[in-house]
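Report on one structure; see the data block that follows.
The values are calculated or read from the model by the stated rules, or taken from the named source; none is laboratory data. Keep in mind it's a predicted model, so treat the numbers as computed, not measured. All Cβ positions, glycine included, derive from the backbone under ideal geometry; neighbour counts span all protein chains shown.
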Amino acid sequence: MKFQLIDSASECCLAKGLCERIGIDGSMITYAPEGGEKEKNVTPMPDHTEAIRLVLEALTNSKTGVVKSLDEIGAVGHRVVHGGERFAQSVVIDDEVMQAIEECNDLAPLHNPANLIGINACKALMPDTPMVAVFDTAFHQTMPEEAYMYGLPYEYYKKYKIRRYGFHGTSHSYVSNRAAQVLGRSIETMKIIVCHLGNGASVSAVKDGKCVDTSMGLTPLQGLIMGTRCGDIDPAIIEFLAHKENKGIDEIMTVLNKQSGVLGLSDHLSSDFRDLEEGYNRGDENAVRALKTFCYNVAKYIGAYTAAMNGVDVICFTAGVGENAAIVRTFVCEYLGYLGVKIDQEANGRRGEDIVISTADSRTVVMVIPTNEELAIARETVKLV
Ligand code: AMP
């Protein structure tokens with residue numbers, strides 16, 4: 001559970017941190033006040049309510065806290081993964097919204113129930129503070145029908161709303177808007193491809209400020225090869241594997257979600273691109289295979305979305321891998337000669353800033369924009385309360 005306290009006037013982050021291993025042994029909270037020392041405390045967190053209590057305690061603590069009391073916190077913005085077709089925008093959370101989020105549980109069984117637990121924990125501790133839900137799917141609700149429909153019997157869409165939804169919307173929205181701002185151009189007349197490459201990874205096509213296609217689907221399993229998720233595969237593999245390995249559907253889904261991606265491709269070397277890069281540099285064939293296949297897939301999506309928008313002005317890299325792994329950006333861009341992409345390797349080696357990494361004569365602009373989902377969530381929250 002990640003958190004930040006943001007001053008809405010200055011948009012400065014006053015404190016940030018995360019709670020890990022909630023509900024299991026060795027749970028710990030990391031807390032870093034702006035300009036202060038980062039501290040890590042191993043402390044029992046049997047559930048999310050206790051985790052949130054510890055976060056609020058850290059924020060108001062007389063020594064390292066950044067506010068005197070909880071009254072100074074004007075609102076809480078929650079990242080909610082799935083808003084289905086119901087939520088194309090962020091909303092102030094009330095009982096009806098809670099119910100609607102719960103109704104989307106089927107669509108994101110790993111995420112939405114956890115999001116509800118987080119909201120309930122905050123409501124219990126801050127009953128009078130307004131809460132806002134910011135949906136990961138909302139930004140993608142502008143996709144046209146031809147981009148979000150699957151080639152399945154239409155009745156399944158009518159009955160179960162089976163369609164592409166897309167995720168990481170807050171990040172895709174933030175990064176595309178920030179790219180336009182950094183370039184001093186209006187997003188209303190731009191074609192932007194955002195590659196959000198983290199442990200979960202997705203690409204989106206943003207035309208004139210609106211998402212027109214994205215690589216994740218009904219669930220975050222579709223699209224790119226990810227850290228541990230398989231991304232696009234032939235759906236018949238599921239039946240084939242079930243027979244060969246004598247596994248049930250739940251076991252197969254665990255393989256596809258947790259043991260695949262670059263972890264599986266590298267023959268279980270690692271899902272972490274730092275390890276893969278290190279492996280690549282020493283010529284480890286498992287690392288080479290994983291990195292090359294991952295980058296080829298990203299490049300194919302860029303090609304597809306260039307077609308979807310009839311061109312592309314700017315390609316942005318973001319998230320843990322996109323922001324840090326220069327080698328991934330280099331390999332992906334090697335496929336983009338047809339777009340006139342030329343990379344400035346000095347700029348590509350820099351980190352932690354909004355930066356153009358293509359050369360002045362590159363026909364398509366390539367950028368790294370560190371994502372800031374927390375700030376995007378804070379902005380949405382301020383807008384609504
Ligand atoms: P995210 O899901 O956006 O937090 O991204 C997490 C992933 O980013 C990690 O699992 C790593 O694979 C990758 N990552 C983080 N730091 C680096 C780095 N310095 N170099 C390469 N990959 C990194």
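Once segment 318-329 is narrowed to residues that are over 12 Å from the mean Cα position of the chain (by Cα) and either under 20 Å from K292 (Cβ atoms) or among the basic types (K, R) (or both), the residue that is farthest from the ligand (Cβ to nearest atom) is R329. Checking N199 against (1) at pLDDT below 95; (2) within 14 Å of the ligand (Cβ to nearest atom); (3) farther than 24 Å from A326 by Cβ, only one condition comes out false. Which one? So N199 meets the others, but not (3). For the criterion of being under 22 Å from the mean Cα position of the chain (by Cα), surrounded by 20 or more Cβ atoms within 10 Å (Cβ to Cβ) and under 18 Å from V312 (Cβ atoms), V132 fails. Kindly evaluate A304 against the criterion of being more than 13 Å from the ligand (Cβ to nearest atom), at pLDDT 95 or above, under 24 Å from M143 (Cα atoms) and of a type in the set (A, V, I, L, M). Here the answer is yes, as A304 does meet what is asked.
Every residue, every condition in (1) without any contact (Cβ under 8 Å) to a residue 24 or more places away in the chain; (2) surrounded by fewer than 14 Cβ atoms within 10 Å (Cβ to Cβ); (3) under 21 Å from N324 (Cα atoms), yes or no:
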| position | (1), (2), (3) |
| --- | --- |
| D250 | yes, yes, no |
| L256 | no, no, no |
| G261 | no, no, yes |
| N281 | yes, yes, yes |
| F294 | no, no, yes |
| A299 | no, no, yes |
| I302 | no, no, yes |
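The listed residues are V182, V203, and the only one of them that is touching a residue at least 60 places away in the same chain (Cβ under 8 Å) and more than 15 Å from the chain's Cα centre (by Cα) turns out to be V182. For the residues K16, K2, the requirement of being touching a Phe, Trp or Tyr at 6+ places or on another chain (Cβ under 8 Å) and among the charged types (D, E, K, R) singles out K16. Here A100, A32, A58, A75 are screened, and the one residue that is out of contact with any helix residue (DSSP H, G or I) (no Cβ under 9 Å at 6 or more places or on another chain), within 16 Å of V134 (Cα to Cα), modelled with pLDDT of 95 or more and hydrophobic (A, V, I, L, M, F, W, C) is A100.
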